[in-house]
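Taking it in order: structure first as structure tokens, then the write-up.
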Amino acid sequence: SVSGSMRYQTPNYLLAVALLQMASSFMTPGVVRHPSRSVAAVSEARGRLRLPLRTSVTANFAMTAATPSTTNPLKPSTMPYSILESVRPEFEWIVPKDGLSFDDRLKSYQAKGELQEGDVSTLINWHNNYVEACQASPSKKFAADGYFSVLAELIRKERRRPHYFQGADAVTGTQFEPFNAHASDSKFFDYQRFSVDFTRPMVDWARSEVEGVDNLLRAKEQLERGENVVFMSNHQSESDPQCLFTLFEDQLGPELGKVASNMAFIAGERVLRDAIVVPFSRGCSLLTVYSKKHIDAEPAKKATKMAHNQRTMKHLGELFYKGGTCMWYAPSGGRDRRNPQTGRVEVADFDSNAIEMIRQVAERAGALPKTHFYPMALVTSNIFPPPVSVGGAFGEERRVSYGPLRMGVGPEMVEPAGSIEDAAVVHMHDRAAIKESRARRAKDAFDAVVRMYERMGG
């Protein structure tokens, strides 16, 4: 569990990192499209296929490309099983046996006060949209009704007994499952498998892309040496972690799939409070924080929430100190939004304070030299578009589409020796130079993400 406390130089750093929201992994430059393979097979293919990119890139981002894949043995169309047939005996309670249709069952739960009106309307609309989206995919026979039935039961369970609360007045995060509770040997329901299988039918594998396999393999080697890897990513969807899980597993093979499966995500605490999101959140290793907006919204709980953020950062420092930690976070503090003038989903700006907070946590844990930072670009809005508004009440509309997933990881962001910031820190002067250096670091990471994002058609 996350415990203890941690002090920082200014409260702005703490509140900056608290702007982070949900989302997962790592890569390199160059467009690479692969079917599911072992790491060795990926390396062999990378050496064999040296094709020009579709767009020019700078010297720092020279890449190789592979031919598009039209076959993938792990595509969901080859796994048309029903979750209702694969539930372990101790979880058979989640299989409805009332003979009702999905819609009628939800309405009966609402009548008994077991689901809220917003839950019912969201689930019915989402179910209808999901079934419609499946018709465009090879997974027409995917057992969508069974999956949504199980999802409804998990949400009903969450409404009866919220997993992450101690009491009605307690802040979230005061109770925790063990880290990696979704692992295969866990005593808990396999939430990660459930959420990934829920995502797979929406993915157009023939048009999906993974860019930067060289960087991904380098990061994997660093993790195997007991070092840490941090992915600084844009964020487009509540389902970004699940998109990363399936891209790693289905496009790059089970070895890299395990890396993604064990990744830690810094997320806004809302992912533990929205009952519709919780079943998916419980399939991830989460380190949650309160944003400044939500800290200030309840003055009576402000101190408690800030203490929770400090405990979260202390726990992250412990993970960095231990080593072998792979972490994903969004320095923008939220999801990308669609520009109403252009109609494009644009990458949100990175907050330099959010980046510096993670660096400070690693430094104070004595782990900064063994912590490696990689820029990551995600294009997931093709499948899970973000809402138009920012924030707001729980129960936002969920919609899905059949489309490609795209992910890229750029080269490691390496600090130049003898930088202005290093000299300023050593001599304890020139705060303006330090601020400028940190702003430049955030801009370099942001620009690297935008370049990959635009190359992948984002």
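The values are calculated or read from the model by the stated rules, or taken from the named source; none is laboratory data. This one's a predicted model, so the numbers in the text were calculated from it and none came from an experiment. Neighbour counts are summed over all protein chains in view; Cβ atoms, including those assigned to glycine, are modelled from backbone coordinates with ideal geometry. Surface accessibility is based on the protein's heavy atoms, side chains included, excluding ligands, DNA and RNA. Shrake-Rupley method; radii C 1.70, N 1.55, O 1.52, S 1.80 Å.
Summary of computed values
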{"quantity": "Within the stretch 413-438, tally of residues that are open to solvent by less than 50 Å² (accessible area, probe 1.4 Å) and either part of a loop (DSSP other than H, G, I, E, B) or at pLDDT 85 or above (or both)", "calculated": "3"}
{"quantity": "Residue match in the stretch 116-139 (condition: crowded, with 19+ Cβ neighbours inside 10 Å, within 26 Å of Gln192 (Cβ to Cβ) and in contact with a Ser or Thr (Cβ under 7 Å, 6 or more places away or on another chain))", "calculated": "yes"}
{"quantity": "Residue in the stretch 225-239 that is among the charged types (D, E, K, R) and within 28 Å of Trp126 (Cα to Cα) present", "calculated": "yes"}
{"quantity": "Arg335 vs. criteria of a type in the set (Lys, Arg) and part of a helix (DSSP H, G or I)", "calculated": "no"}
{"quantity": "Residue match in the stretch 373-388 (condition: more than 18 Å from the chain's Cα centre (by Cα), farther than 25 Å from Met263 by Cα and modelled with pLDDT under 95)", "calculated": "yes"}
{"quantity": "Helices (runs of 4 or more DSSP H) contained in the stretch 185-271 and holding at least 2 residues closer than 19 Å to Leu154 by Cβ", "calculated": "191-199, 240-246"}
{"quantity": "Sole exception among (1) modelled with pLDDT under 90; (2) open to solvent by 50 Å² or more (accessible area, probe 1.4 Å) for Gly392, by number", "calculated": "(2)"}
{"quantity": "Residue count, the stretch 269-322 (criterion: among the aromatic types (Phe, Trp, Tyr) and open to solvent by less than 10 Å² (accessible area, probe 1.4 Å))", "calculated": "2"}
{"quantity": "Residues satisfying the stated conditions in the stretch 322-350, i.e. among the charged types (D, E, K, R) and over 18 Å from the mean Cα position of the chain (by Cα)", "calculated": "Lys322, Arg338, Arg344"}
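Yes/no per residue for (1) part of a helix (DSSP H, G or I); (2) of a type in the set (Ser, Thr, Tyr); (3) more than 26 Å from Gly226 (Cβ to Cβ); (4) at pLDDT 95 or above:
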{"residue": "His294", "(1), (2), (3), (4)": "yes, no, yes, no"}
{"residue": "Lys301", "(1), (2), (3), (4)": "yes, no, yes, no"}
{"residue": "Ala307", "(1), (2), (3), (4)": "yes, no, yes, no"}
{"residue": "Phe320", "(1), (2), (3), (4)": "yes, no, no, yes"}
{"residue": "Gly343", "(1), (2), (3), (4)": "no, no, yes, no"}
{"residue": "Ala348", "(1), (2), (3), (4)": "no, no, yes, no"}
{"residue": "Asn353", "(1), (2), (3), (4)": "yes, no, yes, no"}
{"residue": "Glu356", "(1), (2), (3), (4)": "yes, no, no, no"}
